[in-house]
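Note sheet for the following structure.
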Amino acid sequence: MRLPDLLLTKGLCARGGQLLVTFWMALLFAGAAPAQTTKKNPLPVAPNAVNPYTCSIAEFRTLALTTHDPQERGDLAAQWLKANGPACSISQVLLLSSNRPQWLGSANTVKIAGVFDQIIENKLKNDPLALKYMYGSEGAAPAGGGGKKGAEETSAGGTPAPTGAGAPPPGTVTLAVGSGSAAAPVGGAPAAAAPTINISLGASSPQVEDLSRKLPLDTEAKPVFPPERGKQMKNYFGKLRTEMIRNYFMENSSPGNCPEGLSFSKTAGCESKNPVAWRFGEPLPSNAKSFPIPEPLLSKLNFYPGYQFVRVGTDVLAVEKDSGKVADAVLNLGKTN
């Protein structure tokens, strides 16, 4: 090849190499530019999620009363209870359970009762005495009353107060002289216990009976019911809880302010124009309209998870939670037996 042709060929190769390098550099920068423009800042870390479940009795009631199909109503109620039940207090759970016959209707099944039982068990797991009462009185107290054991137990399951000749009379404070029992001397007889001094502070009023765990005693006279009501299944209310019911409705009823479904009469006070023919040992009649017990009163009555409470006309009923049978009653809002 001639020299001029060789020089020309070298020049063309060098020029082509420069163009190739420039081309690849352009491609690299072109690919990097969009990457820089589309790069996003990292999303901020979300704060800890707040528990969305709350216990709204109004929400459960609305859900139950606005769902027409019984199967769907029962399924939705069970889902709501499993999701929101842990957020409910024991009083709220018992209030829901007491009202489920009228809110759930035919959807108030054994399955729903089991869901309530599970929630209540979880909330009472640290209260063994309450758990004993939950599925019947056989494991805790004789039917019809608390018995001697029930009379001595306290609401916290503590030690019964001493009774008998050795116990100081009411209104007496016992003081121990010294700081406890003395240690026995070496080789000698044990030292005598520190002496005590009983200081009488005068007569004191009798203590109010603890109602948080006890059923009426067997010795308490049972109320007399009309023969058409049948035989009382359990003496649950007793005289003191009957008095609570009477006082509550006396304080919260007046002309023009009777409980729902009742009307005021000058001679009888709040009364029902359509009495319901319920009977002990039987479920409420299908046409019976029942009303919930107000929460302030329910919290005083509902110490025993085995029952639910409703008002039918002027009668306050304790209904077995599982069977739906009427077990005990207070007639005429406690005004008469």
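With the structure loaded, tell me whether residue 281 is surrounded by fewer than 17 Cβ atoms within 10 Å (Cβ to Cβ) and either closer than 24 Å to residue 92 by Cα or not assigned by TED's automatic domain parsing to the domain that holds residue 99 (or both) or whether it fails that test.
yes
Scanning for something β-branched (Val, Ile, Thr) and farther than 25 Å from residue 100 by Cβ, does the stretch 266-285 turn up at least one residue?
yes
Mind telling me which of the residues 334, 281 ends up being of a type outside the set (Ser, Thr, Tyr) and out of contact with any helix residue (DSSP H, G or I) (no Cβ under 6 Å at 6 or more places or on another chain)? Please lay out each step first, then the result.
Working: 334 fails: out of contact with any helix residue (DSSP H, G or I) (no Cβ under 6 Å at 6 or more places or on another chain).
That would be 281, the only listed residue that is of a type outside the set (Ser, Thr, Tyr) and out of contact with any helix residue (DSSP H, G or I) (no Cβ under 6 Å at 6 or more places or on another chain).
Tell me which helices (runs of 4 or more DSSP H) are completely within the stretch 1-104 and hold 2 or more residues being modelled with pLDDT of 85 or more, or say none if there are none. Can you show your working first?
Details: elements: 3-38, 57-65, 70-84, 90-104.
Output list reads 57-65, 70-84, 90-104.
Answer yes or no as to whether residue 271 is in contact with a Cys (Cβ under 9 Å, 6 or more places away or on another chain) and either of a type in the set (Asp, Glu) or assigned by TED's automatic domain parsing to the domain that holds residue 101 (or both).
Working: in contact with a Cys (Cβ under 9 Å, 6 or more places away or on another chain): yes; either of a type in the set (Asp, Glu) or assigned by TED's automatic domain parsing to the domain that holds residue 101 (or both): yes.
Spelling it out, residue 271 is indeed in contact with a Cys (Cβ under 9 Å, 6 or more places away or on another chain) and either of a type in the set (Asp, Glu) or assigned by TED's automatic domain parsing to the domain that holds residue 101 (or both).
Filter the stretch 316-326 down to residues that are surrounded by fewer than 20 Cβ atoms within 10 Å (Cβ to Cβ) and in a strand (DSSP E or B), then give me how many there are.
Taking the stretch 316-326 as the starting set, the residues that turn out to be surrounded by fewer than 20 Cβ atoms within 10 Å (Cβ to Cβ) are 320, 322-325.
Cutting the leftovers down to in a strand (DSSP E or B) gives us 320, 325.
Going through the stretch 316-326 one residue at a time, the tally reaches 2.
Would you mention how many residues in the stretch 298-310 are assigned to a helix (DSSP H, G or I) and within 24 Å of residue 105 (Cβ to Cβ)?
2
Among 250, 244, which is the only one that is assigned to a helix (DSSP H, G or I) and either assigned by TED's automatic domain parsing to the domain that holds residue 106 or within 23 Å of residue 96 (Cα to Cα) (or both)?
244
Can you pull out the residues in the stretch 105-127 that are modelled with pLDDT under 85 and in a loop (DSSP other than H, G, I, E, B)?
Result: 124, 125, 126, 127.
The values are calculated or read from the model by the stated rules, or taken from the named source; none is laboratory data. Here the structure is a predicted model, which is why all the values come from computation and not from measurement. Virtual Cβ from ideal backbone geometry, glycine too; neighbours counted across all protein chains shown.
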